[in-house]
Amino acid sequence: MTVPTTVTAPARASAGNDVLLEVRDLRTYFHVLDGTVKAVDGVSFSVRRGQTIGLVGESGCGKSVTALTIMRLLDIPPAEIASGEIIFEGRDLLTLSEDEMRHVRGNDIAMIFQEPMTSLNPVYTVGDQIAEAVMLHQRLSKKEAWNKAIESLRAVGINNPERRVKQYPHELSGGMRQRVMIAMALSCDPKLLIADEPTTALDVTIQAQILELIKDVQDRTGTALMLITHDLGVVAETVHDVLVMYAGRIVETGTVEDVLLAPKHPYTEGLLRSIPSRGMKGQRLNVIKGTVPNPFNMPKGCNFAPRCPYAFAPCAEYDPRIEEANPPDVACWLYTPAPGSPIPPRIRPRRPVEVGA
Amino acid sequence: MIRYIVRRLLGAIPVLFGLSIVLFAFVHLLPGDPCSAILGQHRTEEACARLRANLGLDDPLTVQYLRYLGSLLRGDLGASVINNKPFLDEFLVRFPGTIELTLGALVFAVGLGIPLGRLAARHAQSWLDGVVTAISLFGISIPVFVLGLVLVVVFGVGLGWLPTQGRIDARLRFESVTNFMLIDTLLAGRPDLFVDAVRHLILPSIALGSIPLAIITRITRASVIEVSHEDYVRTARAKGLTERRVDERHIMRNAWLPVTTVIGLQVGGLLAGAVLTETVFVWNGVGRWVVDAIGNRDLTIVQSTILVFALIFLVVNLIVDIGYAFLNPRIRYA
């Protein structure tokens, strides 16, 4: 197993000691009845202190599993972390004991989940649930933790927190509950906040508010943010750097401007083209042809080749790896000479793509 | 909350009213002649006619029912047609025995069922889970009286570990105050007798508790497994809580909800099962009394016992529902 030394372009560009999280060649497999699903299949990236990165891809591409692996929240078995390192502040989280890992969870790394409706425990007040984490990690008394809970609710823009703190989750709306989740996640001043589709289950207007809130608290507290989403609009508004995932791999990285305005990977390009835009009324939506490959039977070469409009000979034979590219910002034979392939790459520059065009 | 309780109690009235009609009809449809039962060999047509007139059995059924209902409303549950003793007096003497047995069975079923269910859930799909499932399948399949007899034969007669008859050693004499053996023995200052009473309680409790044990085990297992997959359990883990705290505070607290309801519903089954269990273990309670009453065609006793049991069942489930409100804040009784 080769451990790539290079990481994402943005991380390298500012190489220094401010790297907070570095994931190296992470592989998370699920052993199920029908075989093995390689949900995360050799993912490497890093997050600097205070950085915001977006992890983008369609459902089932391994985004959430990547996050849950970092938090070590997967049930093992059926999950297996087959290889990799997750270096957080110099320590490999995968080698920590369960006890040590608990001090990281909720304290150093906090997580917000997709479903605010079901992510809070129905039988406890929101105050109880926030105070629980505070008491655990900050060793505060019950009273102090309760006050801290009120403060956290105030900090996420909840009116009348003294009253809300005593309410049960079912008394709050979805947007309000997501605010509570954010308050809970931020209550212990984490260094990294992982938000897994935090706005997907919410109304569009509430989505905007929650995104605004996440950006706002991120600015205020300086916590690093890893935003997982399938929504490129959310990414465009919220993050600086983007990782695009496809079938368990990172296929493209770069600043949000590079990736969204001038994507390299045909998959990213397809994603952008499939966003509905104004002036498209009455036309069919653009889609990426074909379907996500069967996880039990991945194509031999590039995972995206069967759906790729630019696929050429090496794509069916050789598996492109992002860390072998130069610069390592895209996993595609259009940009990198295929090893041992007599066919030269069709080196293409970044070029602008019009959304929905 | 008070309003809810009052409403629930008021809601019990039509249930009891309906039950009184069913019971009345049922008793009058039963084959058998009260004359023969009461007069026995002294039965003559003349005596029988006099008795029927005295008991009002010649009146139309509606008149008989209204008379019955009237006495119920006055709190008069009737008297034995055999010895004319008031139902309530006799019932209250025997009921503590049934309560003791029912509570014993409940302690056995809940005390063992919940840990077993949690164990099976934690090791779901393993051999341990299989063993627990097999035990509960056994418990639910075997009739109370069969299990009772097997326990008597094995642990009483065969091994001689535990007594199999009565509530306390019949040779011992002491004053009964409350008719609860476990309380009376302590009131009498006789811990040795208390131990004896507990020993008498063990086998009947196991026999009676086997079905509730099976049900509680399975419900606990299913409930714990279901709750374990809830998003909020993942949230709790993501907070960095210990597995133990996640288990007790976040999983069990929610898993309790369906288990509580089922425990309440089991009380009905326990009261019914007590009839059989008391017969097998010669246990001096309401159940055995009712079996005797059925044999003697002493229908007032049967009728009133069923009515009182139904009332108890309603009250227990009301208590469970109120308890449920404390466990589950989503329930608002307004």
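Pull up segment B:301-333, narrow it to residues that are small (Gly, Ala, Ser) and more than 14 Å from every other protein chain (Cβ to nearest Cβ), then point me to the one that is farthest from B:Val15 (Cα to Cα).
Here is the first cut: in segment B:301-333, the residues small (Gly, Ala, Ser) are B:304, B:310, B:323, B:325.
In the following step, the residues that additionally are more than 14 Å from every other protein chain (Cβ to nearest Cβ) were identified as B:304, B:310.
Values: B:Ser304: 15, B:Ala310: 9 Å.
Among them, the one singled out is B:Ser304.
Among the residues of segment B:65-86, none qualifies, meaning not one is of a type in the set (Asp, Glu) and touching a residue at least 40 places away in the same chain (Cβ under 8 Å). Looking across segment A:201-240, just one residue is touching a strand residue (DSSP E or B) at 6+ places or on another chain (Cβ under 7 Å), over 19 Å from A:Leu260 (Cα atoms) and assigned to a loop (DSSP other than H, G, I, E, B), and that is A:Thr223.
From the list A:Ala236, A:Ala201, which residue is on the phi < 0 side of the Ramachandran plot, within 14 Å of another protein chain (Cβ to nearest Cβ) and touching a residue at least 24 places away in the same chain (Cβ under 8 Å)? Walk me through how you get there before you give the answer.
Working: A:Ala236 fails: within 14 Å of another protein chain (Cβ to nearest Cβ).
Unique residue meeting the criteria: A:Ala201.
The residue pairs whose first member lies in segment B:87-115 and is under 30 Å from B:Ile225 (Cα atoms) and in contact (Cβ under 8 Å) with a residue 12 or more places away in the chain, whose second member is outside any helix (DSSP H, G or I) and of a type outside the set (A, V, I, L, M, F, W, C), and whose beta carbons are closer than 9 Å, counting only pairs six or more residues apart or on different chains, are B:Thr102/B:Gly285.
Name the residue that is surrounded by the most Cβ atoms within 10 Å (Cβ to Cβ), counting only residues in segment B:33-76 that are in a loop (DSSP other than H, G, I, E, B) and of a type in the set (Lys, Arg).
Restricting attention to segment B:33-76, the residues satisfying the condition of being in a loop (DSSP other than H, G, I, E, B) are B:33, B:43-44, B:56-60, B:74-76.
Still in the running and of a type in the set (Lys, Arg): B:43, B:74.
Values: B:Arg43: 15, B:Arg74: 8.
That would be B:Arg43.
Here the helices (runs of 4 or more DSSP H) wholly within segment A:96-197 that include at least 2 residues being at the interface with chain B (Cβ under 8 Å from one of its Cβ atoms) are A:98-104, A:126-138, A:174-186.
Scan segment A:288-341 residue by residue and report those that are outside any loop (DSSP other than H, G, I, E, B) and either touching a helix residue (DSSP H, G or I) at 6+ places or on another chain (Cβ under 6 Å) or surrounded by 15 or more Cβ atoms within 10 Å (Cβ to Cβ) (or both). Hits for segment A:288-341 are A:Ala305, A:Pro306, A:Arg307, A:Pro314, A:Cys315, A:Ala316, A:Glu317, A:Ile322, A:Glu323, A:Glu324, A:Val330. Checked against (1) among the basic types (Lys, Arg); (2) loosely packed, with under 11 Cβ neighbours inside 10 Å; (3) within 21 Å of the chain's Cα centre (by Cα), B:Arg3 passes all but condition (3). From the list A:Ile81, A:Ile87, A:Ile76, the lone residue that is away from chain B (no Cβ under 11 Å) and in a loop (DSSP other than H, G, I, E, B) is A:Ile76.
Within segment B:220-235, the set of residues being surrounded by fewer than 22 Cβ atoms within 10 Å (Cβ to Cβ), at pLDDT 90 or above and either more than 14 Å from chain A (Cβ to nearest Cβ) or touching an Asp or Glu at 6+ places or on another chain (Cβ under 7 Å) (or both) comprises B:Ala222 only. I'd like to know if segment A:122-139 contains one or more residues that are within 30 Å of A:Ser59 (Cα to Cα) and touching a strand residue (DSSP E or B) at 6+ places or on another chain (Cβ under 6 Å). No, because not a single residue in segment A:122-139 is within 30 Å of A:Ser59 (Cα to Cα) and touching a strand residue (DSSP E or B) at 6+ places or on another chain (Cβ under 6 Å). State whether the residues of segment B:264-271 include one that is at pLDDT 85 or above, within 14 Å of another protein chain (Cβ to nearest Cβ) and in a helix (DSSP H, G or I). No.
Within segment B:242-256, take every residue that is at the interface with another protein chain (Cβ under 7 Å from one of its Cβ atoms) and modelled with pLDDT of 85 or more and give me the one that is surrounded by the fewest Cβ atoms within 10 Å (Cβ to Cβ). Once the filter is applied, the top-ranked residue is B:Arg253.
The values are calculated or read from the model by the stated rules, or taken from the named source; none is laboratory data. Fair warning: this is a prediction, and the values are worked out from it, not measured in the lab. Every residue, glycine as well, gets a Cβ built from its backbone with ideal geometry; the counts of neighbours run over all protein chains shown.
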